[in-house]
Amino acid sequence: MKGSIPSEAREKGRRPTRPESAATRRSRHFGWRAVVMLLLVTALGGTWVWQHPDVAKGMFWPASPGKTPQRGNDAQAAIPVRATTVGRHDFPVELNGLGTVQAWNSVTVRSRVDGQVEKIAFEEGQPVKAGDVLVELDARPFQAALDQATAKITQDQATLASAEADLARTNALVGPGYATKQLLDQQTATVNQLKALIKADEAAQENAKVNLTYTTIRAPIGGRLGLRTIDIGNIVHAADQSGIVTIAEIQPIAVVFTAPESEFPPVMRALSEGPLDLTAFSSDGKTELGHGKLAIVNNDIDVASGTIRLKGRFENPDNQLWPGLSVSTRLLVSTLHDRIVVPDIAVQRGPAGLFAYIVRPDQTVEKRDLKVGQIGNGLAVVESGLEPGEKIVTAGHARLQPGTRVADRPDDESNTAGKQ
């Protein structure tokens, strides 16, 4: 065909295709790796800048006029901590426990006779004194019984007078022989029987008087009244177990608490030297409720729990202690004088034992092994390892190791606690 290019000529004009070499493939793969690495470095760098904005600002942005950017490990390398100065103080050895407030005396007021309530002379919850009138019952049946007993005495006394007159006449007739000895004995026996009957009448009269006084129910002790269980018009019985009202003596008041049996010997030794001070706090241990004295150590140790019960007496002038209230107690057993005392949060525990970090004059810390004695109420007695005047770290231990530079600030709260 005219104008067509022969196939041979087309084949000659086409550039031959060469196979891709290994070097070309390696170059292409390296390019992709470089792109991936660049993206990864960029992402990591962005994350670091986001987490350390202050450092990045100093590195990539110029500092504000008049300010010199901080470089190196000068101020930023110092780890902030709290520290306090070691000193000598008196340390109270105290026994902490949990207890319950109880009334020093508690009485359930009951009627001693059966009767109808005519008057209630008290208000629920009011304080009363011993002897105050609480309830009055219908006294008419008991007054009638008293009158009957009195009349019976009068009757028997008249009979006795007649018998004594007969005895006197019989005695006068026995001598001349006008009366027998048997008649005299009978008259004497009659007189004696009547005398005994009168004594029984007098006892019945006294019983009637007592029952009459029971119609007025009085407070047997002083204290504070609870809720009453009766109203006017109710019939009360001597056999009722529920009672009329309860009275709890709360001034003074008692706190009963327990202590481990291991504390029994030191408590008894301290008690032999004088009364022990006892302080009651709220159940969370934050609010002080009153001061008292240890009054009673129970006469046996509970073998099941290995504890002993103790009882304290509190005057309770402001009624902060109330029966049934749960409290925490602090019994002062003894006082250690002039000892090295530090906050217990400064004492750390490690694999080798107890230790603390000391702030040296060059503001670096030193790890110091300690021997600790008594610990209590946020304080610890250090027997060896510290000297007065040294600074001890009380907060910020997590990032410390020997030689770490620190920036400390005084721990005023710990100093105050150590001086108590």
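The values are calculated or read from the model by the stated rules, or taken from the named source; none is laboratory data. It should be emphasised that the depicted structure is a prediction, and the values quoted were computed from it without experimental measurement. Counting neighbours? That spans all protein chains shown, and the Cβs are built from the backbone with ideal geometry, glycine included.
Regarding Ala356, is this residue at pLDDT below 90, part of a strand (DSSP E or B) and not basic (Lys, Arg)?
Working: at pLDDT below 90: no; part of a strand (DSSP E or B): yes; not basic (Lys, Arg): yes.
When the stated conditions are applied, Ala356 does not pass them.
List every residue pair whose Cβ atoms sit under 6 Å apart, with the two residues 6 or more apart in sequence or on different chains, where the first one lies in region 200-214 and is closer than 8 Å to Ala149 by Cβ and the second, anywhere, is in a helix (DSSP H, G or I) and not β-branched (Val, Ile, Thr).
Asp201/Lys152; Asp201/Asp156; Ala204/Ala149; Gln205/Ala149; Ala208/Ala145; Ala208/Leu146; Ala208/Ala149
Among the residues of region 359-394, count how many are within 22 Å of Asp90 (Cα to Cα) and assigned to a loop (DSSP other than H, G, I, E, B). First the steps, then the outcome.
Residues of region 359-394 within 22 Å of Asp90 (Cα to Cα): 370-394.
Still in the list and also assigned to a loop (DSSP other than H, G, I, E, B): 370, 377-378, 385-390.
Qualifying residue count, region 359-394: 9.
All but one of (1) closer than 30 Å to His237 by Cα; (2) of a type in the set (Ser, Thr, Tyr); (3) not in a helix (DSSP H, G or I) hold for Thr150; state the number of the condition that does not hold.
So Thr150 meets the others, but not (3).
Over 60 Å from the mean Cα position of the chain (by Cα) and either in the same structural domain as Pro323 (by TED's automatic domain parsing) or not in a helix (DSSP H, G or I) (or both): does that describe Pro176? Break it down stepwise before answering.
Values: over 60 Å from the mean Cα position of the chain (by Cα): yes; either in the same structural domain as Pro323 (by TED's automatic domain parsing) or not in a helix (DSSP H, G or I) (or both): yes.
So Pro176 passes the test.
Identify the single condition in (1) closer than 27 Å to Gly373 by Cα; (2) part of a strand (DSSP E or B) that Gly312 does not satisfy, given that it satisfies every other one.
Of everything listed in (1) closer than 27 Å to Gly373 by Cα; (2) part of a strand (DSSP E or B), Gly312 misses just condition (1).
Report yes if some residue within region 101-114 is within 30 Å of Ile247 (Cβ to Cβ), at pLDDT below 95, under 46 Å from the mean Cα position of the chain (by Cα) and outside any loop (DSSP other than H, G, I, E, B); otherwise report no.
No, region 101-114 contains no residue that is within 30 Å of Ile247 (Cβ to Cβ), at pLDDT below 95, under 46 Å from the mean Cα position of the chain (by Cα) and outside any loop (DSSP other than H, G, I, E, B).
Can you tell which of Lys129, Lys119 is of a type in the set (Lys, Arg), more than 25 Å from Ala239 (Cα to Cα) and out of contact with any Cys (no Cβ under 8 Å at 6 or more places or on another chain)?
Values: Lys119 fails: more than 25 Å from Ala239 (Cα to Cα).
Checking each option against the conditions leaves just Lys129.
Looking at this structure, is Ala161 among the hydrophobic types (A, V, I, L, M, F, W, C), more than 28 Å from Thr215 (Cα to Cα) and surrounded by fewer than 14 Cβ atoms within 10 Å (Cβ to Cβ)?
Spelling it out, Ala161 is indeed among the hydrophobic types (A, V, I, L, M, F, W, C), more than 28 Å from Thr215 (Cα to Cα) and surrounded by fewer than 14 Cβ atoms within 10 Å (Cβ to Cβ).
May I ask you to verify whether Gln363 is at negative phi and touching a residue at least 12 places away in the same chain (Cβ under 8 Å)? Even if it seems obvious, please write down each step before you answer.
Values: at negative phi: no; touching a residue at least 12 places away in the same chain (Cβ under 8 Å): yes.
Here the answer is no, as Gln363 does not meet what is asked.
Considering (1) modelled with pLDDT of 95 or more; (2) assigned to a helix (DSSP H, G or I); (3) under 18 Å from Ala295 (Cα atoms), say which one Val267 fails and leave the rest.
Unmet condition: (1).
Quick check on this structure: which one of Ala407, Ala398 is farther than 21 Å from Arg88 by Cα and out of contact with any strand residue (DSSP E or B) (no Cβ under 8 Å at 6 or more places or on another chain)?
Details: Ala407 fails: out of contact with any strand residue (DSSP E or B) (no Cβ under 8 Å at 6 or more places or on another chain).
Every option except Ala398 fails the conditions.
Pairs under 7 Å by beta carbon, first residue at positive phi in region 303-332, partner among the aliphatic types (A, V, I, L, M), six or more apart or different chains?
Asn316/Ile250; Asn316/Ile253; Asn319/Ile250; Gly324/Val101
To keep it simple, each residue is scored yes or no on (1) in contact with a helix residue (DSSP H, G or I) (Cβ under 6 Å, 6 or more places away or on another chain); (2) surrounded by 15 or more Cβ atoms within 10 Å (Cβ to Cβ); (3) in the same structural domain as Arg269 (by TED's automatic domain parsing).
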residue	(1), (2), (3)
Asp302	no, no, yes
Gly306	yes, no, yes
Leu310	no, yes, yes
Pro317	no, no, yes
Leu325	no, yes, yes
Leu332	no, yes, yes
Arg360	no, no, no
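Kindly provide the set of residues from region 358-384 that are closer than 13 Å to Pro402 by Cβ and touching a Lys or Arg at 6+ places or on another chain (Cβ under 6 Å), ordered by number.
Ile358, Val359, Thr364, Glu366
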